[in-house]
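Structure record follows, encoded as structure tokens.
The values are calculated or read from the model by the stated rules, or taken from the named source; none is laboratory data. Just so we're clear, the structure is a prediction, and the values are computed from it rather than from any experiment. Virtual Cβ from ideal backbone geometry, glycine too; neighbours counted across all protein chains shown. SASA here: full protein model, heavy atoms, side chains in, ligands and nucleic acids out. Shrake-Rupley method; radii C 1.70, N 1.55, O 1.52, S 1.80 Å.
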Amino acid sequence: MTAEPEESAFPTERTDSTGRTPARPQARTADGRGRRPRAVVVGGGIGGLTAAVALHLRGWHVTVLERAAELQPVGSGISLAPNAQRALDVIGLGEEIRSLAAWDGEGGLRTPGGRWLSRSDAKAAAERFGGSLVLLHRATLIDKLASRLPDGVVHTASEAALADPGVVGDPARPARVTTPDRAFEAELVVGADGIRSAVRAALFPAHPGAVYAGFTTWRLLVPPLRSPFAQHETWGRGRIWGTHPFADGTVYAYGAAIAPAGRRAPDGEKAELLRRFGDWHDPIPAIIDAAAPEEVLRHDVHHIAEPLPAFHRGRVALLGDAAHAMPPTLGQGGNQAIEDAVVLAHHADPEHSDALDLAAYTAARRPRTTAIARKAVGVARVNMLRNRPATVLRNALVAALDKTGPAVMLRGFDEIADWRPPQRPYAARTQRAEPDTRPGARGRRT
């Protein structure tokens, strides 16, 4: 990758290996100075990096500020549904992600004793939504996103604070972000700093923020198992378990259980998994047995129960967990962050950076993510039922519904997995440089 020239409050200009400053496209801006408008992304997770890539491809000068010492994702696996895959098509990454798909057989819902409540397969998912789920390591996705950014864009060990959200329409009032040793001015700031977002707190100080969802989760990776298995999610009483393969055979598993916030097992989390899930059906005991104790991750689940009044203020937009953290029961947290990122880039026209249409971004994303977050909360209430009669009734209803049409797990993704982004892939648009005439599109897209 060639180094990208830096502007204004950003670091000094760099050169490539030949000693020359690499050429780069110039986007016309409202001030007529010919420089590209500046975007600062606070947070180097999946949503932040997707936004950085999308904005870079649109013609923004991007800087990513990540407080960690390196780009290291939280958690181990992520499931990308067809909606997120289509969003990644916009930045040229969709097909590469689809090539990592490992699910080509059956799967579904089971009871702790092993009885199947609902079955489906990859073909049925593809027919219903135009594609199936792709499970991969979060680090793999982070690496693929980061590789599409020029050198020098990502700044690690840079804890950022929003000093001024700026004023849209006033070129003299850019947004301002500070780190302990530097100040950044930008026409756009993206708050992608996670569930405990400092950017969100600065924009909406009266909002209560994220609250405990009432249950905790464990995540683990183990080497390929000797015996084949069908991927599954298993619902017990106040507990669930999921087992899924990566393309290389590595097994990703997760557990969740109702528990007080902040608790940790005195003898280690692997021992806690054995107590809670060790007598469940195969291959669950074998997976727990194969796990390295120090690699079992435990995180309490928090979510934003009270929706934000907007996903923007001034020149600042929020995305992902910073905007709409949700329980993981639909597997849509990261997927919705990816959707946010490409929709934000769609509404962030670099040629009109002093007239950003961030209200349109809020209008496009807030209703959808609020509905999905509420649905995730509802699913959590169902699969975390603890009362025995209630769980018996739940299981009976799931089994009955499975006989009347598509599998319950597939139905749960209706109006989620069939989403499509508002823009065409940027690579194709750059090649043709033709007008985008679809409803809602503005002007000529390049």
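Some points to look at:
- Amide H to amide H, with H built 1.01 Å from N, S158 comes under 5 Å of E66, R67, A68, counting only residues 5 or more places away or on other chains.
- Alpha-carbon gyration tensor eigenvalues x 5, square-rooted, for region 82-221, Å: 39, 22, 15
- In units of the compact-protein estimate 2.2 N^0.38 Å, the chain shows a Cα radius of gyration of 1.01.
- Most to least packed among 411-423, 55-67 [average Cβ atoms within 10 Å]: 55-67, 411-423
- Residue list for region 77-101, given a label point 7 angstrom along the Cα-to-Cβ vector of A139 and an amide N cut-off under 17 Å: 77-79
- With the whole protein complex present, L330 retains an accessible surface near 20 Å², based on a 1.4 Å probe.
- Taking label points 7 Å from Cα along the Cα-to-Cβ direction, R424 and A363 give a separation of 2.5 nm.
- The chain - share of DSSP beta bridges that are antiparallel (%, nearest 5): 70
- Per residue, in Å², the accessible surface of region 67-199 once ligands and nucleic acids are set aside, probe 1.4 Å: 42
- For region 51-150, with +1 on Lys and Arg beta carbons and -1 on Asp and Glu, the positive-most of L136, G108, L71 along the dipole: G108
- Computed lengthening from V382 to H352, 0.36 nm per intervening residue step minus Cα-Cα distance: 6.2 nm
- Summed residue charge, Cβ within 12 Å of P283's Cβ, Lys/Arg positive, Asp/Glu negative: 0
- Extension gain (nm, one decimal) between R35 and V211, 0.36 nm per residue minus Cα-Cα: 59.1 nm
- With R₀ fixed at 22 Å, the C-beta to C-beta distance from R237 to R115 puts the FRET efficiency at about 0.90.
- Heavy-atom surface of region 220-278, accessible at 1.4 Å and reported per residue (Å²): 45
- Computed from phi, the 3J(HN,Hα) profile of region 124-129 under the Karplus parametrisation 6.51, -1.76, 1.60 (θ = phi - 60°) reads 5, 5, 5, 5, 7, 10 Hz, with x in place of Gly and Pro.
- Peptide ranges 349-359, 390-400 listed from the most packed, as the mean C-beta count within 10 angstrom indicates: 349-359, 390-400
- More than 26 Å apart - percent of Cα-Cα pairs taken over region 175-324: 45
- Under-5 Å amide H pairs with R110, H placed in peptide plane, nonlocal only: L117, E233, T234, W235
- For region 112-132, backbone nitrogen atoms closer than 19 Å to the point 7 Å from A400 Cα along Cα-to-C-beta are found at 116-119.
- Contour minus Cα-Cα distance for L393 and A161 (0.36 nm per residue): 78.6 nm
- Total charge dipole magnitude, the chain, about the Cα centre, Cβ charges on Lys, Arg, Asp, Glu only, Debye to nearest 20: 1160
- Each part reduced to its alpha carbon centroid, region 359-395 and region 122-193 end up 26 Å apart.
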